[in-house]
1. Let's see if you can work this out: charge +1 on each Lys and Arg Cβ, -1 on each Asp and Glu Cβ, no other charges. What is the dipole magnitude of the chain about its Cα centre, in debye to the nearest 20?
2. Given a 1.4 Å probe and the protein chains all in place, what does the accessible area of Arg83 round to, in Å² to the nearest 10?
3. Each residue of region 86-97 in order: what ³J(HN,Hα) in whole Hz does its phi give by Karplus 6.51 cos²θ - 1.76 cosθ + 1.60, θ = phi - 60°, with x for Gly and Pro?
4. Are there GluC sites (Glu not before Pro) in region 51-111 that DSSP puts in a loop and that have at most 16 other Cβ atoms within 10 Å, and which ones?
5. At a Förster radius of 30 Å, what calculated FRET efficiency corresponds to the Cβ-Cβ distance of Asn79 and Glu58, to the nearest 0.05?
6. Explain nothing, just compute: Karplus ³J(HN,Hα) = 6.51 cos²θ - 1.76 cosθ + 1.60, θ = phi - 60°, for every residue of region 12-22 in order, whole Hz, x for Gly and Pro.
7. Would you mind checking which residues have amide H under 5 Å from Trp18's amide H? H placed 1.01 Å from N; only 5 or more apart, or other chain.
8. From the helices alone, meaning DSSP H stretches of at least four residues, give me the mean residue ellipticity at 222 nm for the chain, per-run term -39500 (n - 2.57), in deg cm²/dmol to the nearest 500.
Amino acid sequence: MPDLLIRVREILADPEHWTKDSFARDDNGYFIDPTEPVARCFCLDGALIRAAHELHPEVNTSNPYRFGEYRDAADRLSNFAGRNHLQFNDDPETTHADVLALIDKAIANAD
């Protein structure tokens, strides 16, 4: 799981690659599947789906929760956020720095 979270951190490191209210967006800001090559910015879960797909192409991205490593990472992020990680990402008060800090905390506490 640490590799998955580290890849999520890499994907979202640049604030221009982070978004809210959509798993992913293209360069024009249109909603897009996070596994599409033209996806340029991601919400926290979109980056998690993208990272799982990159590291494990066999993952069914239409239902990634069935993939144990994705599920463990999503659960860990949600636990540290104190709520669902999607709600955390999309909260109007949440900043890019908040998301990175959450990921860093999950990485630091990964098994």
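The values are calculated or read from the model by the stated rules, or taken from the named source; none is laboratory data. From a predicted model like this one, the values you see are computed outputs, not experimental measurements. Because the Cβ atoms are built from the backbone with ideal geometry, glycine has one as well, and the counts that use them run over all protein chains shown. Side chains are part of the model used for accessible areas, which takes the heavy atoms of the whole protein and leaves out ligands, DNA and RNA. Shrake-Rupley method; radii C 1.70, N 1.55, O 1.52, S 1.80 Å.
1. On the way: 11 positive and 21 negative charges, 42 e Å.
Taking the Cα centre of the chain as origin, the dipole is about 200 debye.
2. Estimated to the nearest 10 Å², Arg83 gives 90 Å².
3. Per residue, the Karplus-derived 3J(HN,Hα) values read 5, 5, 4, 4, 8, 4, x, 7, 6, 9, 4, 4 Hz.
4. Working: sites: Glu54, Glu58, Glu69, Glu93; in loops: Glu58, Glu93.
Answer in residue order: Glu58, Glu93.
5. On the way: r = 26 Å, r/R0 = 0.87.
About 0.70, to the nearest 0.05.
6. Whole-Hz 3J(HN,Hα) from phi for region 12-22: 9, 4, 8, x, 6, 9, 10, 9, 10, 6, 6.
7. Phe42
8. Values: 5 runs with 56 residues, N = 111.
Value at 222 nm, helices only, nearest 500: -15500 deg cm²/dmol.
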